[in-house]
1. Might you check whether a residue that is buried (at least 17 other Cβ atoms within 10 Å of the Cβ), part of a loop (DSSP other than H, G, I, E, B) and in contact with a helix residue (DSSP H, G or I) (Cβ under 7 Å, 6 or more places away or on another chain) occurs anywhere in the stretch 64-78?
2. With D59, D149 as the choices, which residue is under 30 Å from L193 (Cα atoms), among the acidic types (D, E) and either part of a helix (DSSP H, G or I) or modelled with pLDDT under 95 (or both)?
3. Conditions first: (1) surrounded by fewer than 18 Cβ atoms within 10 Å (Cβ to Cβ); (2) under 21 Å from H54 (Cα atoms); (3) in contact (Cβ under 8 Å) with a residue 40 or more places away in the chain. E412 passes all but one, so which condition is the exception?
4. Which condition does G87 not pass, out of (1) surrounded by fewer than 13 Cβ atoms within 10 Å (Cβ to Cβ); (2) free of Cβ contacts under 8 Å to residues at least 12 places away in the same chain, if it passes all the others?
5. Residue by residue through the stretch 272-298, note down the ones that are in contact (Cβ under 8 Å) with a residue 40 or more places away in the chain and not in a helix (DSSP H, G or I).
6. Just the residues that are small (G, A, S), in contact (Cβ under 8 Å) with a residue 40 or more places away in the chain and assigned to a helix (DSSP H, G or I), please, taken from the stretch 339-376.
7. When you go through (1) within 25 Å of L295 (Cβ to Cβ); (2) charged (D, E, K, R); (3) in contact (Cβ under 8 Å) with a residue 40 or more places away in the chain one by one for K233, which number turns out not to apply?
8. For N139, indicate whether it is within 22 Å of T252 (Cα to Cα) and not hydrophobic (A, V, I, L, M, F, W, C).
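The values are calculated or read from the model by the stated rules, or taken from the named source; none is laboratory data. None of the values given here were measured: they were computed from a predicted structure. Cβ: placed from backbone, ideal geometry, glycine included. Neighbour counts: every protein chain shown.
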Amino acid sequence: MDTASLAFTAVFCAALIGGLVLKTVLASRQIRHVARHRSAVPPAFEATVSLQAHQKAADYTIAKSRFGLLVNAVEAALLLGWTLLGGLHWLNQLLLDWLGGGMLQQLALVGAFALMAGLLTLPLEWWSSFRIEERFGFNRMSLGLWLGDLAKGAAVAVLIGLPVAALVLWLMGAAGSLWWLWAWAVWMGFNLLLLVLYPTLIAPLFNRFEPLQDEALKARVTALMQRCGFSAKGLFVMDGSRRSAHANAYFTGFGAAKRVVFFDTLLGQLEPSEVDAVLAHELGHYKRRHILQRLVLMFGLSLAGFALLGWMSGQAWFYTGLGVLPSMDAPNDALALLLFLLVVPLFTYFLQPLVAQLSRRHEFEADAYAVAQTSGADLARALLKLYKDNASTLTPDPVFARFYYSHPPASERLARLASS
């Protein structure tokens, strides 16, 4: 192995170990902090949150954090297995011997890797749903429904993902040195198309969406959207309770295909004025151009990613430094793509605090918009109900929250609403 390969191996190992250590330290802080504050409801919530609800949230948070430690260790081991221990090299050589070089072999490599990676992590997903979520009363899926969702998800991935992968791989081999620019354009076009098609073609495969029947609530919501200058293609209720007790509301779609979707669990928990406030918060994301900002950020980061892949895919040390010998007489495009997708999250993980900080700022801005359009008291009551019903801890570790939380902790968020 040459010097460049050894250096890249060292950088890879440093990022893997450093990330795993940091994740462990942060999760351990979260577990200790939540456990230390489990015995008493924070003073600001004593009048509204029972000790039983507070302790359930603490126990749920601790259970998920401990499980997260296991997930982190398994994912690190699998990453080593695919790279330095030769898993991806073995799979690539096996398919080369069977299919020879060419597009069929490259698509087979992508498909086989996705299938094997999914199967290897399937027990973790099962444990999360049927042990942790069920233990705390959130999981409502049967095993049959869970398996059906997996089968439908795999079918969608094959029908949509493989053609996109084939086009990207073809561009890598046929579009010259600037293939990455064309591939980026295809990827962005695909994502924008997906925003339009997802609400009507994909989401209904997994959930039932029915028009909102409550005429009084529909009138309130419609009046709110008219005041905010927002139009949507419809107001829908999703059967979220079929899978989980967690509640939510969201906008989906893009342009004229936008839809407002309420979980049936949300409508069962909130008063109409509180639903108004939650919807106003979501409208705030659109009115403050948060969605556009995130799209632009995604465009920019993905362009940088494709440019980096375009350069690294031509460097021998990129392959050998990760335990893979590139083929001398067959395309290595699928190999480069998979290695890149495996390695990049190691380094982007350290950017998590910046992304989380931006997201929390957007949440505060959306809250401020909701207060201006509806009622801060209604929004605060709605959020508190959602915190309780979703068993969100009221006492997260501050460092953990700053690193990971995309939404402000309950104490900060509700305190700002109280002062508005």
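1. The answer is no, given that none of the residues of the stretch 64-78 is buried (at least 17 other Cβ atoms within 10 Å of the Cβ), part of a loop (DSSP other than H, G, I, E, B) and in contact with a helix residue (DSSP H, G or I) (Cβ under 7 Å, 6 or more places away or on another chain).
2. D149
3. For E412, the exception is condition (3).
4. (1)
5. R288
6. A356, S359, A366, A368, A370, G376
7. Just one mismatch for K233, condition (3).
8. Answer is no for this residue.
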